[in-house]
Every structure is written in structure tokens, then in C-alpha cells.
Amino acid sequence: MVLYTVPFPNSCLSALHAVSWALIFPCYWLLDRLVASFIPVACQKRQRADDPCYLQLLCTVLFAPVYLALLVASLPFAFVGFLLWSPLQSARRPYIYSRLEDKGPAGGAALLSEWKGTGPGKSFCFATANLCLLPDSLARLNNVFNTQARAKEIGQRIRNGASRPQIKIYIDSPTNTSISAASFSSLVSPQGSDGVARAVPGSIKRTASVEYKGDSGRAPSEEAANGSASGDQAEGSSLEDACIVRIGGEEGGRPPEADDSAPGGQARNGASGGPRGQTPNHSQRDGDSGSLGSPSASRESLVKVRDGSSGEPGSTNSKLPYKASGVKKAAARKRRHPDEAFDHEVSAFFPANLDFLCLQEVFDKRAASKLKAQLHGYFEYILYDVGVYGCQGCCSFKCLNSGLFFASRYPIMDVAYHCYPNGRGSDGLASKGALFLKVQVGSTPQDQRIVGYISCTHLHALPEDSAIRCEQLDLLQDWLADFRKSTSSSSTANPEELVAFDVVCGDFNFDNCSSDDKLEQQHSLFTHYKDPCRLGPGEEKSWAIGTMLDIDNLYDEDVCTPDNLQKVLETEEGRREYLAFPTSKSPGAGQKGRKDLLKGNGRRIDYMLYAEEGLCPDWKAEVEEFSFITQLSGLTDHLPVAMRLMVSAGEEEA
């Protein structure tokens, strides 16, 4: 399949569209600024109450008449531009594909050679998030603002979080012989915007020593002396990407002292990306782990301490033993229920080695371009500006695209987008729909492609329209079945492709605990796809928490940094204070009063589902880790969620 790198099939249509948008944009921007000046967010209201001479209020009084006059003057040009723009949308393609080729060891082509469908299996990491990147006037209705600056900051945070090394922690002690899976939240080397690892100030109590070992199982110093063992590394891993950490017991009851630290090695895969911007919605504080370049990236993070290293990833010194502090506290972040087969946590970081990122509500085109520019420092393949405009393909006129955005480290093979035809009200103005992708994640020694399917969607938002959401879920299943059938090049007798995973994710706009959402909770989608957080219709697992934040409290000091929000959400009182809960149709107390009477941990409307059937015979997909992420605190009103899926392949499929 040919992927579209430009929105129009020829340069003539592209030039006409550029002219039409140049005529429309001044009117659009002035209207957005005029409306936004009359919708203050919570932190601005607070400042206005504390300071009667608040500068923002003065700016509103001065600039609103100017905006209004210029808006009126731009209307004739906008009208002419609209007459030209509207018919062009029938020729517009439903997405734009961008690839920033990375020929390094973390590039997409190199990743395909890491897994041959044999051995113990391969893990893939997925994340989804609703970013609320609307025009600023609309974003303020959700108590977030400054869309362009937020887009840049969000991209930097995701890139920095995902480019951290992934580690495995083995704990050797007389009282604890458990083995932790690959850590989501442990931070080996906090990275600044320049891509250079930095040591966290030594304010954390040293509790244990940490020995880093190479993939061959030998000590790093031994590997450095003897050289690489003929290239036989574990599949899909390298020293920069995954370190094995052994935590030894304390000798003589005294913890070993860490040596003085020096700046570490370079971040992999272009994480240096560009200068770091300031968070638009709150000032940066010490301990704000959302930006890994902060002086103290996280009090709970692991600290990499290097003895005499040169800072070069390929140098001999870069493989010397390390020591770290804060290990017990960091390892304790991960919790496993006795009946649970996988780890789960509230994490202050996006997972290390994130493979696939599905985003919703990236409506603003300029914000999408800024986000793409930042994420290309880590993801090689990106789809953005997904959707249709005007009357193309849907019943009502569409002013906004679908808001869907997809980024991948692995090559994209096929793409399909469908617009839901039944949106109504304010939701009908956006071309909400479903994005279906087929990605290649490996190949067998017999040149059979190993592929995966990912579906990203954003369902109808109006709470009273359960029937519309159920219709959209029906369409989602039908479209996905058609997509798999049309893109499959295999037959039972001659399988050319092996399916490793099938994942559905996105903002479903209903939860699994509200009595008003019973219709959606019982939908057949949940019989074909498994939700790691769900026990059954209306019943959540005890560790699952809501993904909608209470928008009135987004800028409270207790939750304005990733570390703070993480700590708050680990307590029941904090969840009831800062998460949104299902609204009640019965008259009575407000949101605060209802929270005291409700059971559960908030509205979880952002889902990550996976299929256990329809994969390659004798292959099995199992959840290895699941996390709720606080790294975007103060930047959006949703919590991102992430899932690491382990695909186990039998030897006979080689």
C-alpha cells in the first residue's frame, strides 16, 4: 500500500488549498483569540482574585476591541477562502504520513532484524492518551490553555520518557527473592533536552548497590575486556536499551557508598531533539519528573553513578559497573496482586522503549506539527492530521479532523481511516472515527513477515448518547474485520504473514463503573478483546484507577508535577479528590459530596484492549505490565495509559 505523505494528489490542488487557508486563517486566529480572552482557566481566576490589577484582565480590556475590529475586517477574505477551501476537501486524503529515516541501531529497519519469531518471545509496548489539543478557546473549556506551547512540551516529555533505558531488577536478599519485570518507572539516567544523562543530586538515602550486567550475563568490565561475544545479543535488546540490574544485600549491615557521579552517556535515537521549552500551565519545580532535564528528575528514580566514564556509549568505560541509590523505593513502585499475572503501577514516566503511541484530540493542525517535530526524535513513523473536512464521507459538515495521531518505531504497512456517520451536536463538528494500522515487527528465517494490528479510536462524547457509542463500537468491529481481511496476504495453506498482536485503544467516553453506561459495558467488543483492568461488566479490578482528572483541580500544587500527581493517585483520598467520578442524575450534593458516597477509583474512559484469538497458531499474547502515567500533569485533563504485551512464539513457527 502507498502511504500518503501529502494531503492532496497533485501540487496544483495543494497550492489552491494553501491560498484558501491563507485567506481563512487570520479570521480563524482572531476569533479564537477573542473568545479565549473571555474564558479564563482556574489558575488565571485565582490570580485575578488575588490581584485586582491582574495584567491579564488589563490585556483583555485593551485587546478585545482590537481583535473584534480586525475580525470584522477579515470576514470578507475568509468568506472567499471558504468558497475555495470547501470543494477542495473532496480530493483531500484522510491522513498525512511522515517518516524521518533513522539508520541507527534503533531505526525501524534495524528493529525488524531483532525478532525472528523464535526463542522466548518479544515484548511490545503501547500507550494511548487524550491530549486536548483543541483551538485555545475550546481547550479552555477543559481548563487547559496555550495549545501550541503545550503541544511542544507534551512531545518533549513523551520523547524523554520513552527514550530512557529499560532495566530489569533482580533483588538478592534473605527476605526477598522475587524478580521484577522490566521496569516502567525506574529511571536509570535522567536526560536533559540535550540528550545527555545527568546524575540526580545525592539527597536520596543509599540503600543498596546495583551491578549492571551486559546481555551475555557477564559483568560489564569482563565484556569490555573481551569484546562483544560475536554479536549474539538477546533479541531486541542492547546495553543502552535494557540493563540487567542485580541488587545485592548490605554487607555488615551498612550500605555501600556511591562514588561521585559524572554525566552519563548520550541518549539513544535522537532524544536530544532540541531546546526544552517551559511548561505553559505551571512553573517548573525541583522534582518535576515530567521533564527529565530538571535538576532532580524524580525522588523515586534510580540514579546512575558512573566511575570514570568517558560519556561515549561505545567506549570501554561506558560498561563499567554502576551503583545506584533509592533502589528499594523505586522497585516498590511496582505492585502485583497475588491473583494477577502482570505488574501494574502509577508511573511518573512514559514507559521506556515505547513502541507505539496512539493519541486523541490532536485537533489543531499547528499543534500537530509541533508535536510531530518533537516525537520524530524518537519515533521514525508518524501519521497525523487524520480525518476529513467539509461534507466528505460523513453526513454533517466537519470543521475539525478526527484528532487521531499515531507514532511508531516499526514500519507501517497499511492504513485505513473511517469516519463515524452518526455523530451529533458538538461532536458532529469533528470527524471522529477509527484509524486502523498494520505494522511489521519482524520476519522469520523463511522470510515470513511478522505483523501486528493496531486500532485507535475516539467515540462520541455526549454522556446521554449510549446508543450512538454502541453503534460506533459495532462499526469499529466491522471495519476492523474488513481491514484485516483486505490487508492479509496469507492463506491457511501458504501463510506469508504471522500475526503477533491485535490491539484496540483510545478514548471510549464511557467507564466500567457508571450505571448510566451499562449498555456500553456489555458490548460484544469486550468478548473479542480483553481489558486488563476489567473483571466484567460494571466491575473493575481493585488496582485500576480513573483516567479523567477533575478539571477544577488541575493546577493545585499537590498535583501540578508528575511526581506529586503520582503520589496523590496512590492514595484513595487523593483519587477521590483529584479524579473525575461518574455524574449522578439524582438531585443532591455537588461533585465533592457525591465522591464520598461513590465506590471505585474514578472514571476510566481511556482503554487499552488486546486480542487473545486471531493470532498466529500456537502464539500467545499476554500482558507483562500495565501503567497509568502522570508525566503529562498540568498539560491535559486525562491520564495516559500504557501496556507492555509479551508475544510468545513456539519453535515450530520458525
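If I ask for residues that are open to solvent by 20 Å² or more (accessible area, probe 1.4 Å) and of a type in the set (K, R), which ones from region 406-431 would you list?
Hit for region 406-431 is R424, nothing else.
Please state which of the following conditions F79 fails to meet, knowing it meets all the rest: (1) of a type outside the set (G, A, S); (2) at pLDDT below 95; (3) open to solvent by 10 Å² or more (accessible area, probe 1.4 Å).
For F79, the exception is condition (2).
Residue check: is K585 charged (D, E, K, R) and at pLDDT 95 or above?
no
Cβ contacts < 7 Å: first residue in contact (Cβ under 8 Å) with a residue 60 or more places away in the chain, restricted to region 403-423; second residue open to solvent by 10 Å² or more (accessible area, probe 1.4 Å) and polar (S, T, N, Q), any location; separation 6+ or different chain. Result?
Partner pairs satisfying both residue conditions: Y410/Q440; P411/Q440; M413/Q440; D414/T487.
Quick one: would you say G506 is small (G, A, S) and over 27 Å from S542 (Cα atoms)?
Here the answer is no, as G506 does not meet what is asked.
Applying the selection to region 363-403, what residues are of a type in the set (K, R) and over 18 Å from N146 (Cα atoms)?
K398
Going through region 527-564 one residue at a time, which ones are open to solvent by 30 Å² or more (accessible area, probe 1.4 Å) and in contact with a strand residue (DSSP E or B) (Cβ under 8 Å, 6 or more places away or on another chain)? Write out each step before concluding.
From region 527-564, those open to solvent by 30 Å² or more (accessible area, probe 1.4 Å) are 527-528, 530, 534-535, 537-543, 548, 551-552, 556-558, 564; that's our starting set.
Residues satisfying the conditions are K530, R534, E540, K541, W543, M548.
For region 553-570, which residues satisfy the criterion of being assigned to a helix (DSSP H, G or I) and within 21 Å of the chain's Cα centre (by Cα)?
Scanning region 553-570 gives P562, D563, N564, L565, Q566, K567, V568, L569.
Restricting attention to region 1-25, report how many residues are touching a helix residue (DSSP H, G or I) at 6+ places or on another chain (Cβ under 9 Å) and either aliphatic (A, V, I, L, M) or surrounded by 17 or more Cβ atoms within 10 Å (Cβ to Cβ) (or both).
12
Any idea which of (1) more than 24 Å from the chain's Cα centre (by Cα); (2) under 26 Å from A642 (Cβ atoms); (3) of a type outside the set (V, I, T) is the one K530 doesn't satisfy?
(1)
Look at region 108-125 and say how many of its residues are among the polar types (S, T, N, Q) and under 17 Å from L615 (Cβ atoms).
Going through region 108-125 one residue at a time, the tally reaches 2.
When you look at V504, is it open to solvent by less than 10 Å² (accessible area, probe 1.4 Å) and assigned by the TED database to the domain that holds E340, yes or no?
Yes, satisfied.
With the structure loaded, tell me whether L133 is open to solvent by 10 Å² or more (accessible area, probe 1.4 Å) and modelled with pLDDT of 85 or more or whether it fails that test.
No: the conditions fail for L133.
With region 55-157 as the region, which helices (runs of 4 or more DSSP H) entirely inside it contain at least 1 residues that are acidic (D, E)?
136-139
The values are calculated or read from the model by the stated rules, or taken from the named source; none is laboratory data. Computed from a predicted structure; not experimentally measured. Here Cβ is always computed from backbone atoms with ideal geometry, including for glycine, and neighbour counts include all displayed protein chains. We work out accessible area using only protein heavy atoms, side chains counted, and drop any ligands, DNA or RNA first. Shrake-Rupley method; radii C 1.70, N 1.55, O 1.52, S 1.80 Å.
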